[in-house]
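The values are calculated or read from the model by the stated rules, or taken from the named source; none is laboratory data. Nothing here was measured: the structure is a model prediction, and the numbers come from that model. Remember, those area values only see protein heavy atoms, side chains included, never the ligands or the DNA or RNA. Shrake-Rupley method; radii C 1.70, N 1.55, O 1.52, S 1.80 Å.
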Amino acid sequence: MTDNLPEKDTAAEHEKWKEKGVAMRAFFYIFGTHLFAGFIWLLFYLGQHAQK
């Protein structure tokens, strides 16, 4: 019965690593989307205030 414990630990560690990966991916997607939206906003702002 003790032979199965390392497999359970390995599976649990793998699942925790996957959860961290999903969280990091979501953070970067959200951060990247906001960064891109800020850049687009900056373009509109600068275009609106450009001398024509």
(request) Rank these by accessible area, largest first, 1.4 Å probe: 31, 44. (result) 44, 31
(message) Using only the Cα atoms of the range 8-52, what are the Rg and Dmax in Å?
(response) 19.6, 68
